[in-house]
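See below for the structure under consideration.
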Amino acid sequence: MAQFQKTSALSHGIDLTPALWKSFLAGQRQACARLITKVENEPDSIAEVREKLAGRIGKAVRIGLTGPPGVGKSTLSSAIALGLANRDHRVGVIAVDPSSPFTGGAFMGDRIRMENLVGDSRIYMRSLASREGHGGLSPATPHVADVIEAFGMDRILIETVGVGQAELDVLDCTDMVVLILQPSTGDAIQSLKAGIIEIADIIVVNKSDLPGTDTVLQSLRFVYSLGGSNRRPAPPIIATSCQQNEGIDKLVDEIEGAAATLIESGRHEELRRRRIVNEIRSGIQRRLWERYIAESDVERTIERVARDLVQNGESPYAFVRDACSRIELKSRPKEA
Amino acid sequence: MSEYPIKVVIGKPGLDGHDRGAKVVARSLVEAGMEVVYLGLRQTPESIVAAAIDEDADAVGLSVLSGAHMTHFKRVRELMVDQGLGDRLLTGGGIIPTKDQETLTALGVGKLFGPGDDPGTIAEYIRDWVRTHPRMEAK
């Protein structure tokens, strides 16, 4: 796998020059594009970029758009982005498409559905390949959203790859989740009772010009009438048709209403706090892991231990305990 | 230093609707490990360059089978240079006579491919070009 991935790999880094930073602050799209590439390609640079962005992020409402493949996520995202822009918002759109697990390549077709957004200065759209992400998003997604927000966008749409039932990464990166479905999936909804259907704040039945819309709407209302352990109230269910331009305004109203409630209730801030907690946790994990792995030969030791464990069938946790106690010893302050 | 894939924007300018070639090439670049943003049919030079800016593409590929290659490649190249993408590759394919290729090369357009070219060589060409032409960052 790795040998394929390397065939088209690059390793030129991007310099965070004062000129690049200045152009970014001056609203130059080229500079925003470069910064996004930097956080996407160079995870080591995230700390530096994030520090520079401080004070420019935290206010935007991040809206996740998810659903099975082919339900019209990209077309609808485009319509929502325009709707929000027409209500005086500046809108970022991040559209994620799957990377090949074998070649590392990706075919990203969202722009075919988003032609209306090109050349609109109120909107910044970026395609991301999912790379190592397996939960519907690319690992860089939250950092890309930070860059786009700092560029001046106050609504950020994050469209996942086409998902099944349990790709829930979008929940951790956003303030609200819009689940998009389509007609003729009545039976599928029965099986969606747990997982992705539980995280939706708004449900959309798209392509409502097709037959079967009423059946899906009924199934959805039935699923939510059952209640369950979910603490949240049943989400609004909206039928839309991008082709007939129906329901889009209502959906944008609903999104804006939800955004206002989020902010007034303090929940927006609470979600942001949670994301920062996660950021701190993964930052520490990353630093500790790097520090540990930086020791000479530790990677080879792990390989060797794994080989032995396969042979003798023992558990890896004795090695984990030993490794952790060595990290602890190293981080203890030296006694005078 | 981390490694990452090459990003290519592919589109068809103008009204020519023959998109099989563009799709075959896009697919083969994905097979070669590249991230391809596919814009599809009926693009304008302006919309292609705008997409290349926001996507921070390493290379732009045009497919032109309408005979209008001299107009489209020239215009896209001009826009790229004007808008700060002069350090990126512009390549593509179509039915391009040698003489036209020479004129376009003089304008800064990269190699153009035609019927019978192996898609693998296109990937190789893009890869070599991008590797040997690191971006110029403004100082």
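Provide the per-residue ³J(HN,Hα) series for the stretch A:159-171, in order, calculated from phi with Karplus coefficients 6.51, -1.76, 1.60 and θ = phi - 60°, each as a whole number of Hz, with x at glycine and proline positions.
Using θ = phi - 60°, the values come out as 9, 7, 5, x, 10, x, 10, 9, 8, 10, 3, 4, 5 Hz.
Can you work out the Karplus-derived ³J(HN,Hα) for every residue in the stretch B:54-66? Use 6.51 cos²θ - 1.76 cosθ + 1.60 with θ = phi - 60°, whole Hz, and x for glycine or proline.
Calculated HN-Hα couplings, in order: 5, 7, 6, 5, 7, 8, 10, x, 10, 10, 10, 10, 8 Hz.
Which of the listed residues, B:Met70, B:Ile10, B:Val81, is farthest toward the dipole's positive end in the stretch B:7-132, when Lys, Arg count +1 and Asp, Glu count -1 at the beta-carbon?
Selected residue: B:Met70.
Taking the Cα centre of the stretch A:70-177 as origin, sum charge times position over the Cβ atoms of Lys and Arg (+1) and Asp and Glu (-1), and report the length of that vector in debye to the nearest 20.
320 debye
What residue among A:Gly64, A:Gly283, A:Gly152 has the largest mean-square fluctuation in a Gaussian network model of chain A, using Cα springs under 10 Å?
For chain A, modelled as a Gaussian network with Cα springs under 10 Å, the answer is A:Gly283.
So which GluC sites (Glu not before Pro) in the stretch B:1-88 end up in coil per DSSP with only 16 or fewer other C-beta atoms within 10 Å?
B:Glu3
Restricting to Cα pairs below 8 Å that are 6+ residues apart, what does the relative contact order work out to for chain B? Please round to a whole percent.
Averaging sequence separation for qualifying contacts and normalising by length gives 25 percent for chain B.
Taking a ≥ b ≥ c as the square roots of the Cα gyration tensor eigenvalues, with a/c under 1.5 meaning rounded and otherwise prolate when a/b beats b/c, else oblate, which class fits the protein assembly as shown?
Taking the square roots of the gyration eigenvalues as a ≥ b ≥ c, the protein assembly as shown is oblate.
Would you work out the charge dipole size for the protein assembly as shown about its Cα centre, treating the Cβ of every Lys and Arg as +1 and the Cβ of every Asp and Glu as -1, and quote it to the nearest 20 debye?
The dipole of the protein assembly as shown has a size of about 560 debye.
State the percentage of accessible surface on the stretch A:277-331 attributable to carbon and sulfur atoms; use a 1.4 Å probe and exclude ligands, DNA and RNA.
55 percent
What residues have an amide H closer than 5 Å to that of B:Gly40, excluding those fewer than 5 places away on the same chain, when H is modeled at 1.01 Å from N in the peptide plane?
Hits under the 5 Å cutoff: B:Lys12.
Among A:Ser296, A:Ala318, A:Val277, which residue has its Cα positioned farthest towards the positive end of the charge dipole of the stretch A:277-331, with +1 placed on the Cβ of Lys and Arg, -1 on the Cβ of Asp and Glu, and the dipole taken about the Cα centre?
Of A:Ser296, A:Ala318, A:Val277, it is A:Val277.
Check which residues have an amide H placed less than 5 Å from A:Gly64's amide H, if you skip close sequence neighbours.
Those qualifying (amide H under 5 Å, at least 5 residues apart or on another chain) are A:Ile158, A:Asp175, A:Met176, A:Val177, A:Val178.
Over all residues in B:24-34, what is the mean tally of Cβ atoms on other chains that come within 10 Å of each residue's Cβ?
Mean inter-chain Cβ contacts per residue within 10 Å come to 5.
Let me know the shape class of the stretch B:7-132, please: from the alpha-carbon gyration tensor, a ≥ b ≥ c as square roots of the eigenvalues, rounded when a/c is under 1.5, otherwise prolate if a/b is greater than b/c, or oblate.
It comes out rounded by the Cα gyration axes.
Once amide H atoms are placed 1.01 Å from N in the peptide plane, what residues at a sequence separation of 5 or more from A:Tyr124, or on another chain, have their amide H within under 5 Å of its amide H?
Residues meeting the amide H criterion: A:Val91, A:Gly92, A:Val93.
Given the C-alpha centroids of the stretch A:33-65 and the stretch A:92-160, what is the distance between them in whole angstrom?
Answer, in whole Å: 13.
Below 8 Å between Cα atoms, with a sequence gap of 6+, how large is the relative contact order for the stretch B:65-139 in percent?
32 percent
Suppose only helical runs count, i.e. DSSP H with n ≥ 4. What mean residue ellipticity at 222 nm does that imply for the protein assembly as shown under -39500 (n - 2.57) per run, divided by all residues and rounded to the nearest 500 deg cm²/dmol?
Theoretical 222 nm ellipticity from helices: -14500 deg cm²/dmol.
For the stretch A:212-301, run through the trypsin sites (Lys or Arg not before Pro) and keep only the ones in DSSP coil with at most 11 other Cβ atoms within 10 Å of their Cβ.
A:Arg231
Give me the net charge of A:Arg113's neighbourhood, meaning all other residues with Cβ under 11 Å from the Cβ of A:Arg113; Lys, Arg count +1, Asp, Glu -1.
-1
In percent, what relative contact order does chain A have, based on Cα pairs under 8 Å that are 6 or more apart in sequence?
Computed over chain A, the figure is 16 percent.
The values are calculated or read from the model by the stated rules, or taken from the named source; none is laboratory data. Just so you know, these numbers come straight off a predicted model, no measurement behind them. Counting neighbours? That spans all protein chains shown, and the Cβs are built from the backbone with ideal geometry, glycine included. Ligands, DNA and RNA are excluded from the accessible area calculation, which covers all protein heavy atoms including side chains. Shrake-Rupley method; radii C 1.70, N 1.55, O 1.52, S 1.80 Å.
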